[in-house]
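The values are calculated or read from the model by the stated rules, or taken from the named source; none is laboratory data. All values derive from a computational prediction rather than experimental measurement. Neighbour counts are summed over all protein chains in view; Cβ atoms, including those assigned to glycine, are modelled from backbone coordinates with ideal geometry. Ligands, DNA and RNA are excluded from the accessible area calculation, which covers all protein heavy atoms including side chains. Shrake-Rupley method; radii C 1.70, N 1.55, O 1.52, S 1.80 Å.
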Amino acid sequence: MKRRDSCRIVLMGTPEFAVPVFQAVIDLGYDVVGLVSQPDRPVGRKKEILPTPTKKLALENEIPVFQPEHIKDDYETIKTWNPDLIITCAYGQIIPQGLLDLPRFGCINVHASLLPKLRGGAPIHRAIMNDDFETGITIIDMVAKMDAGKMYTQSTLPIVDNDNLESLSDKLSDLGALILSRFLPDYLAGTVEGIEQDEAEVTFGYNIKPEEERIDWNLPSRAVFNHIRALDPHPGAYTTLNGQHLKVYRTQIETHKGDEPAGTILDIKDGILVKTKDGALKLEEVQLEGKRKMTAQELVNGLGKSLLKEQLI
């Protein structure tokens with residue numbers, strides 16, 4: 001087999017999640033000949049076009065970058081890189097068969113779930129929403145069907161109540177980097193055998209739709225709590241207060257026995273207490289439409305007692 005540093009590797013990924021994973025490959029000393037990322041997009045309220053996180057990493061390491069709009073129609077550049085191996089992590093598009101067939105060591109994917117559970121583009125969001133007690137990283141063989149390839153290695157991570165999307169993503173990203181750095185030398189040496197996924201156990205972690213961002217106060221407190229932290233900090237779960245969107249980022253489950261309608265603001269002491277189906281949720285961090293993110297108490301200080309008995313919808 002060729003020396004490790006002569007194995008030509010192409011990395012395919014876009015968001016911050018993939019950065020530690022790709023950094024691990026670079027740190028191992030492999031010959032990373034190119035990075036494929038989604039195109040740069042407008043970011044933030046100012047809609048400023050910024051390089052993707054993985055593109056920034058590549059440029060810092062003098063790695064060529066390719067950003068096709070649709071990879072299925074445009075991968076000739078990758079062919080010129082002549083990769084021995086392609087590693088994907090949160091790339092965001094389906095890889096065409098012609099590209100999967102290109103490298104001699106194949107294509108592997110670092111996926112943020114315990115496959116075969118939660119195939120798809122939002123496994124971390126869905127694991128929190130589902131109230132799962134654990135998630136993890138699975139490294140799989142890439143096939144044309146979404147996240148359906150044979151599994152090479154897997155590692156588990158607990159989900160705790162103070163996790164949100166950001167914190168859990170960071171933990172999983174670091175875990176992915178660790179697992180890949182241990183796995184890659186054995187994989188390239190041909191000493192790793194994969195196992196097929198059990199199709200009877202398959203579930204899906206589909207991307208979050210805009211309509212799913214709205215909070216349903218008619219759900220039990222635990223479900224609302226999970227929904228909010230699964231979307232924190234992006235895209236942010238929201239409710240409506242007096243016709244304005246109110247994003248909710250951090251909450252705490254509280255006991256309440258009253259029969260007020262779900263969504264009723266019950267109290268504004270030390271936060272905003274809101275009725276749910278089976279109790280209440282205290283809002284701790286919020287963002288009113290057009291305003292900065294703030295504590296719920298800051299919002300109370302600004303709007304005063306008029307909040308009491310208001311209805312969030």
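Laid out as a table, the results:
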| read-out | value |
| --- | --- |
| Projected label distance in nm at residue 254 and residue 308, using a 7 Å step from Cα toward the beta-carbon | 1.3 nm |
| Antiparallel content of DSSP bridges confined to the range 203-313, in %, to 5 | 95 percent |
| Residue 262 long-range amide H proximity, modeled H, under 5 Å | none |
| Ranked by how many other beta carbons lie within 10 Å on average, peptides 229-240, 274-285 from highest | 274-285, 229-240 |
| Residue-averaged 222 nm ellipticity for the chain, from DSSP H runs of 4+ at -39500 (n - 2.57), nearest 500 | -7000 deg cm²/dmol |
| Nearest-10 value in Å² for the accessible area of residue 150, using the 1.4 Å probe | 70 Å² |
| Listed pairs 47/247; 269/309; 56/150; 46/291; 47/79; 117/247 exceeding 22 Å between Cα atoms | 56/150; 47/79; 117/247 |
| For residue 135, distant residues with modelled amide H under 5 Å away | 157, 159 |
| Phi-based couplings in Hz for the range 191-199 (Karplus 6.51, -1.76, 1.60; Gly and Pro marked x) | 9, 10, 10, x, 10, 6, 6, 7, 4 |
| Unit Cα scatterers, Debye sum, the range 63-196: log10 I(q)/I(0) for q = 0.11, 0.16, 0.21, 0.22 Å⁻¹ | -0.42, -0.86, -1.29, -1.36 |
| 15 Å reach of a label modelled at residue 145, 7 Å along Cα-to-Cβ, counting backbone N of the range 201-225 | 201-204 |
| Karplus-derived HN-Hα couplings along the range 212-219 (A = 6.51, B = -1.76, C = 1.60, θ = phi - 60°), whole Hz, x at Gly and Pro | 7, 6, 6, 7, 9, 6, 7, 7 |
| q = 0.12 Å⁻¹: log10 I(q)/I(0) that the Debye formula gives for the chain, counting C-alpha atoms only | -0.84 |
| Separation of the residue 134 and residue 46 label points, Cα + 7 Å toward Cβ, nm | 4.5 nm |
| Whole-Hz couplings from phi, Karplus 6.51/-1.76/1.60, listed for the range 296-313; x for Gly and Pro | 4, 5, 5, 5, 4, 4, x, 9, x, 5, 4, 6, 4, 6, 5, 10, 8, 10 |
| Largest-first ordering by accessible area, 1.4 Å probe, given options 41, 222 | 41, 222 |
